[in-house]
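**Student:** Below are the structure tokens for one structure; questions will follow.
Nothing in this text is a laboratory measurement; each read-out follows from the coordinates by a stated rule. Owing to the predicted nature of the structure, the values given are computational and were not obtained by experimental measurement. So basically every Cβ, Gly included, is an ideal-geometry build from the backbone, and we count neighbours across all protein chains shown.
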Amino acid sequence: MNRAALRVSLLLPLLLLPALGRADSEQEHGGEETQHSAGKGHSHWSYEDLKHWSTDYPECGGTKQSPINVDTAQAIFSPDLRPIQLSGYSLPANQLLKLKNNGHTVVLELPDSLALAGGYAQQYRAAQLHLHWGSPAGPGSEHTVNGRRFAAEIHVVHYNTKYDSFTEAMVHPDGLAVLGAFLEVGHGENQYYHEILKHLHEIQEVGQETLVPGFNIAGLLPANLKLYFHYNGSLTTPPCYQTVKWTVFNQTMLLSHHQMSVLVSTLKSPEDELLQNNYRPVQTLHGRQVLASFQTTPSVKHTPGSDDSATAVFVSFSEGHSSSFHAGDVLAVLFGVLFAVTALAFLLYIYKHRSQNARLDSPTKSKVIYTAASTPWLHGLPTWTVCLGGSIWPQ
């Protein structure tokens, strides 16, 4: 080998190193994107750069995007929407779950033993749950109802069991099913959300994670899973795949003021600031239909439950459909009204009867018998006696 060839052989590896470095970097970036899409990592998009999402992630500019505003006056009642049924949601304390700050939210990874056993035509198993919130200055739910935004929102993400993984399922039209519920401030501590919130101080920095003992995950969702809205939409974060069948419950979960404060003021963002207002604005429906499992009316109501961890109805309903105001409560009210009417009628009867007896027992009226005075022109006629009741009898 001559000197020129030797020099080339020595320099060639040095020339290739930058290219190899760029290839490795692109591979890592691609892996990070895939990992984030599966809910286990984070990428470089941010909520401050919403207008550029569709540039980097084309599906974010699609016509089936989420979240949306639910207009209850336009929701279509569908009797085919059956109650959501959960399977395997109660986990033992010895089953540890990973809780992580991924830079955009707090993510709790769920075992695939959790599944949707009813309410969907196909079978879906759980992958993870996460939260969206606002700040002390304002609410931060993603979906809104009749234009109203709630304090926060929970999403429990599931993927179709016909696919081998979440990553594979999320690109297919029937790939994902997400359960959404609104969070509001109540009076007492919510014991189920406490199982998550008490660990947030352990994962303040981006990328930090901790282990959480298993608990009843179903407690994070409303007790009444019969009342909900349903529509076809997308992931609410990049890559915004339009493959989600959304279920948004008609009830809110109540957290204490302290718990809500912990949620919105504990985690940090990649910019080392408080992670707040991590919600996407509502997207245009573009002709999509929003279905309801119950007959809605346009009015919006908020009726906190007596139990501080209980749910609260925020949309009224028409007859024939269950809500947190159960049929037993209706019957109790009806029986109460009937009892009141019966008691009133009885009291009126007693009053009337006593009034009549009082008149009969009067010393000036009862048992008065008198004889008419004799007059010359009545001489020889019989004497008359007036008896009780006004009758006149001859003597």
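**Student:** For segment 45-325, what does the relative contact order come out to in percent, with C-alpha contacts under 8 Å and a separation of six or more?
**Tutor:** 26 percent
**Student:** Would you kindly derive the ³J(HN,Hα) couplings of segment 178-191 from the backbone phi angles with the Karplus curve 6.51 cos²θ - 1.76 cosθ + 1.60 (θ = phi - 60°), listing them in order in whole Hz, with x for Gly and Pro?
**Tutor:** For segment 178-191, the Karplus-derived couplings read 10, 9, x, 9, 8, 10, 9, 8, x, 9, x, 6, 8, 5 Hz, x marking Gly and Pro.
**Student:** Quick check on the exposure proxy: order Ser141, Ser113 from fewest to most C-beta atoms within 10 angstrom.
**Tutor:** If I rank by nearby Cβ atoms, fewest first, I get Ser113, Ser141.
**Student:** Roughly what % of DSSP beta bridges within segment 44-181 run antiparallel, to the nearest 5?
**Tutor:** Here the antiparallel bridges make up roughly 95 percent for segment 44-181.
**Student:** Let me ask you something else. Relative contact order (percent) for segment 77-229, with alpha-carbon contacts under 8 angstrom and 6 or more residues of separation?
**Tutor:** RCO, segment 77-229: 28 percent.
**Student:** Name the shape class, rounded, prolate or oblate, that the alpha-carbon gyration tensor gives for segment 45-325, where a ≥ b ≥ c are the square roots of its eigenvalues, rounded holds for a/c under 1.5, and otherwise prolate holds if a/b is larger than b/c and oblate otherwise.
**Tutor:** Rounded is the answer for segment 45-325, as its axis ratio a/c remains below 1.5.
**Student:** Give me, ordered by chain and number, the residues 5 or more places off Leu97 or on other chains with an amide H under 5 Å from its own placed amide H.
**Tutor:** Answer set, sorted by chain and number: Val212, Gly214.
**Student:** Right, next: Show me 127-134, 189-196 ranked by packing, highest mean number of other Cβ atoms within 10 Å first.
**Tutor:** Per-residue mean Cβ counts within 10 Å order the peptides as 127-134, 189-196.
**Student:** Would you mind checking which residues have amide H under 5 Å from Leu91's amide H? H placed 1.01 Å from N; only 5 or more apart, or other chain.
**Tutor:** Hits under the 5 Å cutoff: Phe215, Asn216, Ile217.
**Student:** State, to one decimal in nm, how far the label point of His257 lies from the label point of Thr284, with both points 7 Å from Cα in the Cβ direction.
**Tutor:** Label-label distance for His257 and Thr284, simple model: 4.2 nm.
**Student:** Here's a follow-up. If R₀ is 56 angstrom, what is the calculated FRET efficiency for the pair Asp272 and Gln85, using the beta carbon separation as r and rounding to 0.05?
**Tutor:** 0.85
**Student:** Would you grab the residues whose amide H sits under 5 Å from the one on Leu86? Only those 5+ places off in sequence or on another chain, please, with H modelled 1.01 Å from N.
**Tutor:** Under 5 Å from the amide H of Leu86 lie the amide H atoms of Ala117, each far enough along the sequence or on another chain.
**Student:** Step through the residues of segment 272-282 one at a time and calculate ³J(HN,Hα) from phi using the Karplus curve (6.51 cos²θ - 1.76 cosθ + 1.60, θ = phi - 60°), rounding each to whole Hz and writing x for Gly and Pro.
**Tutor:** Calculated HN-Hα couplings, in order: 6, 10, 4, 7, 9, 6, 8, 10, 8, x, 5 Hz.
**Student:** Once the piece of chain linking Ala343 and Lys162 is laid out straight, how much longer is it, given 0.36 nm per residue of separation minus the C-alpha distance between them?
**Tutor:** Gain on extension, Ala343 to Lys162, equals 58.8 nm.
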